[in-house]
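Following: one structure in structure tokens, then a few remarks.
Derivation of every value follows stated rules applied to the coordinates shown; laboratory data play no part. Predicted, not measured: the structure shown is a model, and the values here were computed from it. As a convention, Cβ positions derive from the backbone with ideal geometry for all residues, glycine included, and neighbour counts pool all protein chains shown.
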Amino acid sequence: NGFNVAVAGATGAVGVEMIKTLEKRNFPVKNLKLLASARSAGKTATFKGETIKIEEMTEESFKGVDIALFSAGGDISKQFRPAVVRAGAVMIDNSSAFRMDDDVPLVVPEVNPEDIKQHKGVIANPNCTTAIMLVAVAPLHRAKGLRRIVAATYQAASGAGAKGMDELLVQTRQLLDGQPIAPKAFAHRLAFNLIPHIDVFNENGYTKEELKMLNESRKMLHLPNLLVSCTCVRIPVLRAHSEALNLEFENDISVEEAREIIRKAPGVQLVDDPAAKSYPMPADATEKYDVLCGRIRQDISRNDKRGLDIFVSGDQVLKGAALNAVQIAELL
Ligand code: 2RA
């Protein structure tokens with residue numbers, strides 16, 4: 001028994017992590033099909049000790065497949081969606097192609113598992129930055145009614161894929177050796193720098209990445225009037241995103257209440273003991289399934305008890321993408 005699973009984009013940073021996560025979480029895989037571009041076809045990957053050949057993705061690739069995990073870019077997801085649905089497989093898509101479509105549930109299993117029931121063959125994985133934020137913010141919202149988020153993010157190079165991570169590593173060495181650098185994966189030099197620009201700018205001065213935090217949070221929390229303002233920044237860190245979150249609730253919320261809620265919440269670990277210099281850091285969040293949450297404090301810029309500042313760190317490739325996709329498959 002088990003399921004016939006396909007991973008589309010099997011050689012990308014997220015695809016590789018999807019294969020690892022399927023194995024590590026012992027997902028009931030009957031047959032695993034690894035799909036990539038013609039350029040990558042012929043390479044192999046191992047799964048449960050077996051060597052699997054990576055095939056070129058075609059319209060026929062999805063025959064007999066039950067679940068197709070996609071992380072090959074929005075254009076590929078759009079191109080192959082009809083073939084996947086025709087084959088009777090369910091597409092779990094990590095790209096932004098269908099996230100805001102009314103007939104496509106956008107799901108973080110710890111946040112809005114019930115939404116998965118509405119799927120019509122496609123389920124979307126949210127943007128990594130939104131998923132990492134909501135794992136910590138959703139339980140606080142359920143207890144106290146969230147009204148507004150002001151966020152600043154510190155996003156890892158892995159958000160731009162393996163090429164982003166490689167560029168950070170190579171560029172750092174080049175700088176230390178006094179060699180010239182040639183930024184490609186990012187708009188500017190990333191080593192010993194930070195870039196307040198992720199994705200493309202809209203006419204209102206926000207980037208698409210920043211607007212994803214607004215639009216995807218409204219959809220997953222079912223809060224069409226939620227207010228979100230976000231500044232998304234790329235920093236010279238390899239794999240984990242961090243976010244400083246200022247939260248406004250309908251009701252009073254104390255630090256102790258918030259800590260208790262986070263302690264009990266799934267998918268998030270409370271790391272909040274300033275006296276012991278204990279707080280979330282990307283170095284600690286990397287390769288962890290749980291998002292780390294700490295620096296919980298009352299917002300002193302308000303004259304009421306309805307504001308909280310918190311800090312989260314989460315692995316961008318895992319909870320931000322591959323793990324969440326596999327958890328959606330588990331939920332299915
Ligand atoms: C980034 N969240 O970090 C975007 C896409 N992964 O670049």
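Quick notes
- Most mobile listed residue (VAL150, VAL233, VAL14) in the chain, GNM with C-alpha springs under 10 Å: VAL150
- Surrounding net charge for LYS319, when Lys and Arg each add one and Asp and Glu each subtract one, Cβ distance under 10 Å: -2
- The stretch 137-227: GluC sites (Glu not before Pro) in DSSP loop, at most 16 other beta carbons within 10 Å: GLU203
- Restraint check, LYS120/LYS288; LYS264/LYS305; LYS48/LYS319, Cα-Cα greater than 24 Å: LYS120/LYS288
- Length added when fully stretched, ALA283-ASN193, from 0.36 nm per residue minus Cα-Cα: 30.6 nm
- Formal net charge of residues neighbouring ASN202 (Cβ-Cβ distance under 9 Å; K, R +1; D, E -1): -1
- Distance histogram in 20 Å bins (all Cα pairs of the chain, percent per bin): 31, 57, 12, 0
- Gain upon complete extension [ASN204, GLU50; 0.36 nm per residue less C-alpha separation]: 50.4 nm
- Model label sites at VAL85 and LYS63, defined 7 Å from Cα along the beta-carbon direction, differ in position by 2.2 nm.
- Surrounding net charge for GLY145, when Lys and Arg each add one and Asp and Glu each subtract one, Cβ distance under 15 Å: +2
- FRET efficiency for the ASP252 to LEU223 pair, using the beta carbon distance and R₀ = 30 Å, is estimated at 0.95.
- The stretch between LEU331 and ASN26 holds 108.4 nm of extra length on full extension. This uses 0.36 nm per residue minus the Cα-Cα distance.
- Protection proxy ranking of 255-264, 171-180 - average other beta-carbon atoms within 10 Å, highest first: 255-264, 171-180
- Of the chymotrypsin sites (Phe, Trp or Tyr not before Pro) in the stretch 119-220, the ones in a loop by DSSP (not H, G, I, E or B) with at most 10 other beta carbons within 10 Å are PHE192.
- Highest-first arrangement of 43-56, 88-101, where packing means the average Cβ count within 10 Å: 88-101, 43-56
- Computed [θ] at 222 nm, deg cm²/dmol, the chain (DSSP H ≥ 4; -39,500 (n - 2.57); rounded to nearest 500): -8500 deg cm²/dmol
- Separation in nanometres of the label points that stand 7 Å from Cα toward Cβ, at LYS264 and ILE116: 2.3 nm
- Modelled label reach - LYS305, point 7 Å along Cα→Cβ, the stretch 226-260 residues with backbone N closer than 13 Å: 251-258
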